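Novice: The structure under discussion is supplied below as structure tokens; questions concerning it will follow.
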Amino acid sequence: MQKILADCGLQADRTTVIHGGDINEAWQIACADKTYFLKINNAGLYPGMFQAEAAGLEALRENSNLYIPAVIKSGKAINKQYLLLEWIEKGQPATDCWENFGRELARLHQKAQPFFGWTSDNYIGRLKQPNNKQDTWDEFYTEYRIMPLVEMLFNKGLFNRTDINAAGHYCNQLDSLFPVEHPSLLHGDLWSGNYTITPDGQACIFDPAVYFGHREMDLGMTRLFGGFDERFYAAYNEVYPLEKGWEKRLKLTEAYPLLVHAVLFGGFYTGRAREILSYFNDWT
């Protein structure tokens, strides 16, 4: 810790462990004039993780009016990598919090991006996320999201040939199921654990797994583990209306995060991933 603090040029008055994550050590670093959030993990296990996260945060800051924590510094010290961010004190939501959140996410998604993918690979959780550039969403989602994870599950003995076939059938339908839209910059992991409320009552998002993708992926993540307030979706649709049938189509977006969870945790998530892929055998 002292080596990292010295590398950041910080003299800490107090360091406090922050609990809750399953990948990184997390600390509140209180200095005389400012407080910071510090994440640390093993550089050998997750090479380039924090460099990629910092790039994602900066991209979101540059392309939206959402509150994104400022990146102070990322680097390595001995065998550890670290990411130093501004500290966000938690507040209570303002009356217009959800509406502003929805509108600003819509404005982020409205900006057309040049391709599907990203400038480099990054991570979702502790899993490497490939981001090779593609011209169409169905090619990208098939080749760099669905099928690599299906293959991992098969190699682990958690999926069988029937599951492989179901995944192939699912992917073969993607070009007709997703509406054709331009690539959007996505947060990439926008569930309820990756936002907080700032002292002025507005949403702040963090821990991204960014890429240029289909905007409904972000909307799907908001629904997968509990869902956001309905005012969020109404405001989003006011600014950048979703194509007809979007709520039913969000099932399409669940496949990727469920496959990620199945690879990382197995158990319940393996069954859920299998169910969502098989669901599209009867899609109409």
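The values are calculated or read from the model by the stated rules, or taken from the named source; none is laboratory data. Just so you know, these numbers come straight off a predicted model, no measurement behind them. Heads up, the Cβs are rebuilt from the backbone with ideal geometry, glycines too, and the neighbour counts pull from every protein chain shown.
Novice: Quick check on my filter: what residues within the range 123-162 are out of contact with any Cys (no Cβ under 7 Å at 6 or more places or on another chain), part of a helix (DSSP H, G or I) and in contact (Cβ under 8 Å) with a residue 40 or more places away in the chain?
Specialist: Hits for the range 123-162 are 137, 138, 140, 141, 145, 149, 150, 152, 153.
Novice: For the range 1-24, which residues satisfy the criterion of being surrounded by fewer than 11 Cβ atoms within 10 Å (Cβ to Cβ), under 28 Å from the mean Cα position of the chain (by Cα) and modelled with pLDDT under 90?
Specialist: Passing the criteria: 19, 20, 22.
Novice: Just to be sure, is residue 94 part of a loop (DSSP other than H, G, I, E, B), touching a residue at least 60 places away in the same chain (Cβ under 8 Å) and touching a His at 6+ places or on another chain (Cβ under 6 Å)?
Specialist: no
Novice: Tell me, please, whether a residue that is at pLDDT 95 or above and part of a loop (DSSP other than H, G, I, E, B) can be found in the range 25-42.
Specialist: No; the residues of the range 25-42 include none that is at pLDDT 95 or above and part of a loop (DSSP other than H, G, I, E, B).
Novice: Could you run through the range 65-85 and say how many residues are of a type outside the set (A, V, I, L, M) and either assigned to a loop (DSSP other than H, G, I, E, B) or not assigned by TED's automatic domain parsing to the domain that holds residue 53 (or both)?
Specialist: 3
Novice: Let me ask something additional. Take the conditions part of a helix (DSSP H, G or I), more than 21 Å from residue 57 (Cα to Cα) and either in contact (Cβ under 8 Å) with a residue 40 or more places away in the chain or touching a strand residue (DSSP E or B) at 6+ places or on another chain (Cβ under 9 Å) (or both) and apply them to residue 169. Does it pass?
Specialist: Yes; evaluated as a whole, the condition is true for this residue.
Novice: So, one more: For residue 174, indicate whether it is buried (at least 21 other Cβ atoms within 10 Å of the Cβ) and either farther than 21 Å from residue 129 by Cβ or among the hydrophobic types (A, V, I, L, M, F, W, C) (or both).
Specialist: Against the criterion (buried (at least 21 other Cβ atoms within 10 Å of the Cβ) and either farther than 21 Å from residue 129 by Cβ or among the hydrophobic types (A, V, I, L, M, F, W, C) (or both)), residue 174 does not qualify.
Novice: Does any residue of the range 1-16 turn out to be in contact (Cβ under 8 Å) with a residue 60 or more places away in the chain and closer than 25 Å to residue 186 by Cα?
Specialist: Within the range 1-16, none of the residues are in contact (Cβ under 8 Å) with a residue 60 or more places away in the chain and closer than 25 Å to residue 186 by Cα.
Novice: Cβ contacts < 6 Å: first residue acidic (Asp, Glu), restricted to the range 188-202; second residue modelled with pLDDT of 95 or more, any location; separation 6+ or different chain. Result?
Specialist: That search, which allows pairs on different chains as well, returns 189/124; 189/209.
Novice: Here's a follow-up. Can you tell me which residue is surrounded by the most Cβ atoms within 10 Å (Cβ to Cβ) among those in the range 25-51 that are under 16 Å from residue 128 (Cβ atoms) and not aliphatic (A, V, I, L, M)?
Specialist: 50
Novice: I would also like to ask the following. Which residue out of 242, 185 is under 21 Å from residue 100 (Cα atoms), crowded, with 22+ Cβ neighbours inside 10 Å, out of contact with any Pro (no Cβ under 8 Å at 6 or more places or on another chain) and of a type in the set (A, V, I, L, M)? Step through it out loud before you land on a result.
Specialist: On the way: 242 fails: crowded, with 22+ Cβ neighbours inside 10 Å.
So the residue among 242, 185 that is under 21 Å from residue 100 (Cα atoms), crowded, with 22+ Cβ neighbours inside 10 Å, out of contact with any Pro (no Cβ under 8 Å at 6 or more places or on another chain) and of a type in the set (A, V, I, L, M) is 185.
Novice: For the range 208-228: of the residues being of a type in the set (D, E, K, R) and modelled with pLDDT of 95 or more, which is farthest from residue 183 (Cα to Cα)?
Specialist: Among those residues, the one meeting the criterion is 218.
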